[in-house]
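The values are calculated or read from the model by the stated rules, or taken from the named source; none is laboratory data. Quick caveat, the model's predicted, so the values are computed rather than measured. Positions of Cβ are generated from backbone atoms using ideal geometry, with glycine treated the same way; all protein chains shown enter the neighbour counts.
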Amino acid sequence: MNHYLLSVVLGIVEGLTEFLPVSSTAHLRLAEALLHINLSDPYWKMYTIVIQLGAIACLPVYFWNRITKFLSTFPRGESGNRTPLTHPLGLTAVAFVVTAIPSFLLTKVIGKHLESLPIIGWSLLIGGVVMWVIDAWNAKWEAAGPAATGSRIRTWKMEEMSLAQSIWIGACQILSAVFPGTSRSMSTIAAGQIAGMSRAAALEFSFFVSMPTMVAATGYTLLKSLRGKGENPIGVSQIDPHGWVVLTIGFVVSFLVAYGSVAWFMAWVRKRGFAPFAVYRIVVGILVLAFASRLAG
């Protein structure tokens, strides 16, 4: 396949799956198999990092109004009852730190798991079942709304989150780093729902936590690669003009598709929930396990 067209396809795959709870890692591995690409090649390994950064870049643009509002109300919050730690920006930072430190210490384990199709398949399958059960558990309270008495949902907006909820979500997000296929979005959303958050609040917080987490992880890996260090070094001097064009196409396509995906996902979840994504995860997980079994046999 022409490299330019290939870059468009991979950019679409990354943009569609990065923030949906279906695992972009799993879908890029499937694309690798179906399109016969060697994503372990230093250039293409670096390319996947670049298109992930393209997806990340859409979040500050999409949430610009929310970000500026949070900045203007820091540290006391809109109601005046928050602290630097319990303000939405502080809670985002706490979840990031709780996730980042263990993930950094487990870098070697994470690197090994990224190449394992069985781990990806089981993570998709188990995560889909967990997500479906948790969403069904909360469904009646979501339908009843904030006015319902005795609701297990205590947090309907991100501004109402507690420090304990932030720490819990950060801890659960480690699973997505250690077990590719779990999905950072899925682990954050499910953790939030378990902790008494509404779908919309859990989803929005998952996007906010994604910003520092993904920038730190992908930025660090990309810097090592471009400096000719790490497991898949390439170095800036090794990228020719053709290679830069391919990277630019992937980045732009990923950004645009991710922006549309986030906008659609936010609207969908408020009305319909996560069950379709859970079913999709289960189906794809079974297919990945079958594919992995075929390769092994």
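A few comments on the model shown:
- If the condition is being surrounded by fewer than 21 Cβ atoms within 10 Å (Cβ to Cβ) and within 11 Å of the chain's Cα centre (by Cα), then region 208-223 contributes MET211, MET214.
- Per the conditions (1) small (Gly, Ala, Ser); (2) modelled with pLDDT of 85 or more; (3) closer than 25 Å to TYR47 by Cβ; (4) out of contact with any helix residue (DSSP H, G or I) (no Cβ under 7 Å at 6 or more places or on another chain), the sole criterion not satisfied by GLY228 is (2).
- Where a residue in region 273-284 is among the small types (Gly, Ala, Ser) and its partner, wherever it lies, is surrounded by fewer than 18 Cβ atoms within 10 Å (Cβ to Cβ), with Cβ under 8 Å and at least six apart: GLY273/ALA139; ALA275/ALA136; ALA278/VAL129
- Complete set of residues in region 132-187 that are within 21 Å of the chain's Cα centre (by Cα), surrounded by fewer than 20 Cβ atoms within 10 Å (Cβ to Cβ) and not in a helix (DSSP H, G or I): LYS157
- Looking across THR25, THR68, one residue alone is closer than 24 Å to ALA216 by Cβ, assigned to a helix (DSSP H, G or I), of a type in the set (Ser, Thr, Tyr) and in contact with a Pro (Cβ under 9 Å, 6 or more places away or on another chain). It is THR25.
- Among residues of region 239-291 being surrounded by 15 or more Cβ atoms within 10 Å (Cβ to Cβ) and not in a helix (DSSP H, G or I), the one that is modelled with the lowest pLDDT is ILE239.
Per-residue answers, yes or no, for (1) closer than 25 Å to THR221 by Cα; (2) in a helix (DSSP H, G or I); (3) of a type in the set (Gly, Ala, Ser):
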| position | (1), (2), (3) |
| --- | --- |
| ALA31 | yes, yes, yes |
| ILE49 | yes, yes, no |
| PRO60 | yes, yes, no |
| LEU85 | no, no, no |
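- Test: residue in region 44-58 that is loosely packed, with under 14 Cβ neighbours inside 10 Å, aromatic (Phe, Trp, Tyr) and out of contact with any Asp or Glu (no Cβ under 7 Å at 6 or more places or on another chain): no
- Tallying residues that are farther than 20 Å from TRP122 by Cβ, modelled with pLDDT under 85 and among the charged types (D, E, K, R) within region 1-56 yields 2.
- Within region 144-154, the presence of at least one residue that is touching a helix residue (DSSP H, G or I) at 6+ places or on another chain (Cβ under 9 Å) and closer than 27 Å to LEU71 by Cβ is confirmed.
- Residue check for ARG199: out of contact with any Cys (no Cβ under 6 Å at 6 or more places or on another chain), surrounded by fewer than 20 Cβ atoms within 10 Å (Cβ to Cβ), of a type in the set (Lys, Arg) and closer than 30 Å to GLY80 by Cβ: no
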